[in-house]
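Please read the structure below before turning to the comments.
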Amino acid sequence: MCSHYESVRDRQILKRHFQLDDIPEGGKWDMWPGYLGPFIRRHEFADVGDDAVPEREVLLGSFGLIPHWATDTKIARQTYNARSETVAVKPSYRDAWKKAHHCIIPADAFYEPDWRSGKAIPTRISRADGEPMGIAGLWSWWKSPKGDVLHSYTMLTINADEHPLMKQFHKPTDEKRMVVILPENRYDEWLRATADQSAAFMELYPSEALQSSTSMPGNLRLF
């Protein structure tokens, strides 16, 4: 399961790759559950017929989905990944799944522990071509007792027991999992998809299109 990832550092690359007009200020680059980072959804007014409204918009949200019924934001520490096999029935995610609140989480890389040496070695996984990843996710919003609205998101995951790269990670006795990385030509399809169409996107990303290393990020900073 992915609890640590790098959001896209370069604002111009973020805008170019994901075809975004504006990017909000703030948010972190080195992401852990509960941190605020960017996520991309279909624009709230994309269907009004105004050519001035972009197809996509980027918002800041908590990494870890906070359902509307939560009493506080602590649940984000447990809801940063949603299993595709159970997302439709789990109380934390089922409303977002049913409403097809699809989003894309932009990432330069994500981290998983390699246990093959007998110790957990943090390993950085990125696209082999150096381009950002678009990770499939779900978003929601939560209103605090003071009336403030907070957006949040979770990454969707699938079984990766047979994936040539991802089966190397986590303990030998653990199920192997992988975040759902979307092909670039399906970004808009995912954002437009209905709940009934969502399962068709839950596919493993080709291992030959990924690379891994044990180097850790440096110069951690805000956007």
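Tell me the chymotrypsin sites (Phe, Trp or Tyr not before Pro) within the stretch 1-110 that lie in a loop according to DSSP and have at most 15 other beta-carbon atoms within 10 Å.
Values: sites: Y5, F18, W29, Y35, F39, F45, F63, W69, Y80, Y93, W97, F110; in loops: W29, Y35, F45, W69, Y80, Y93.
Listed in order of number, the matching sites are F45, W69.
Dividing the helix sum by the residues of the chain, where each DSSP H run of 4 or more adds -39500 (n - 2.57), gives a mean residue ellipticity at 222 nm of -2000 deg cm²/dmol. Rounded to the nearest Hz, the phi-derived 3J(HN,Hα) couplings of the stretch 84-97 under the Karplus curve 6.51 cos²θ - 1.76 cosθ + 1.60 (θ = phi - 60°) are 4, 6, 10, 4, 6, 10, 5, x, 5, 10, 5, 5, 5, 5, where x marks glycine and proline.
Under a point-charge model restricted to the Cβ atoms of Lys and Arg (+1) and Asp and Glu (-1), what is the dipole moment magnitude of the stretch 49-106 relative to its Cα centre, in debye to the nearest 20? Can you show the working numbers first?
Values: 8 positive and 7 negative charges, 98 e Å.
It works out to roughly 480 debye.
Net charge dipole, the stretch 5-213: roughly 860 debye, given to the nearest 20, about the Cα centre with Cβ charges of +1 for Lys and Arg and -1 for Asp and Glu. Working note: Karplus 6.51/-1.76/1.60 with θ = phi - 60° gives the stretch 197-202 the couplings 8, 4, 4, 5, 8, 7 Hz, where Gly and Pro are set to x.
Of S117, S198, the sequence from fewest to most neighbouring Cβ atoms within 10 angstrom is S117, S198.
Expressed in Å, the radius of gyration and Dmax of the Cα atoms of the stretch 5-213 are 16.7, 57.
FYI, it's all coordinate maths here, none of it is from the lab. All values derive from a computational prediction rather than experimental measurement. Cβ sites come from the backbone with ideal geometry, for glycine too, and all protein chains shown count toward neighbours.
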